[in-house]
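Visitor: Sharing a structure, written as structure tokens. Questions coming.
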Amino acid sequence: MDLMKNVKICKALSDPTRLEIVTMISGTEKCACRLLEHFDITQPTLSHHMKQLTNCGLVDVRKEGKWSYYSINTDVLTEFKEFVNSIESNMNDTCIEC
């Protein structure tokens, strides 16, 4: 996964509502109407949040009639988790020039 894709995912997840949406659809698929029931937001605001999550690739959308169903894109999530897991802290590695 390239750097910009990870940046887009991090930006999408930096919003508390979007992070909660991702948690809600984790392991399942949810209709937009169910998401709206949970939040005190308008449908256009939910659409904005879902556009951010789908544009970064983390969430898939399936249309059925007038309804939209959202789920986690497991391939993208796996790649993002690998990126996060590759970040390490090594406090013993100090700069030799300092």
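What follows is calculated from the coordinates using simple rules that are stated; it is not laboratory data. Note that the structure is a prediction, hence the values are computed from the model and not measured. Backbone-built Cβ (ideal geometry, glycine too); neighbour counts: all protein chains shown.
Visitor: Which one, (1) 8.4; (2) 7.8; (3) 6.0, gives mean projected area of the Cα convex hull in nm² as derived from the coordinates shown?
Guide: (1)
Visitor: While we're here: Could you rank the peptides 17-29, 35-47 by their average count of other C-beta atoms within 10 Å per residue, with the highest value first?
Guide: My ranking of the peptides, most packed first, is 17-29, 35-47.
Visitor: Report, to the nearest 10°, how far helix 74-86 tilts away from the longest principal axis of the Cα atoms in the chain, using its own Cα long axis and a range of 0 to 90°.
Guide: 20
Visitor: OK, next. By the scheme Lys and Arg +1, Asp and Glu -1, what is the net charge of all other residues having a beta-carbon under 14 Å from that of THR78?
Guide: -2
Visitor: Angle, helix 43-55 long axis vs. longest principal axis of the chain, Cα atoms, 0 to 90°, nearest 10?
Guide: Here the helix axis deviates by roughly 40 degrees.
Visitor: Let me ask something else. So, with +1 on the Cβ of K and R and -1 on the Cβ of D and E, and no other charges, what is the size of the charge dipole of the chain about its Cα centre, to the nearest 20 debye?
Guide: 600
Visitor: For each of LYS11, LYS66, LYS30, count neighbouring Cβ atoms within 10 Å of the residue's Cβ, then give the residues from fewest to most.
Guide: Arranged by neighbour count, lowest to highest, LYS11, LYS66, LYS30 become LYS66, LYS11, LYS30.
Visitor: Please state the relative contact order of the chain as a whole percent: Cα pairs under 8 Å, 6+ residues apart?
Guide: 31
Visitor: Shifting gears a bit: Could you tally the net charge around ILE21, taking each other residue with its Cβ under 11 Å from the Cβ of ILE21, Lys/Arg +1 and Asp/Glu -1?
Guide: +1
Visitor: How far is helix 16-25 tilted off the main Cα axis of the chain, in degrees rounded to 10, range 0 to 90?
Guide: Value to nearest ten degrees: 70.
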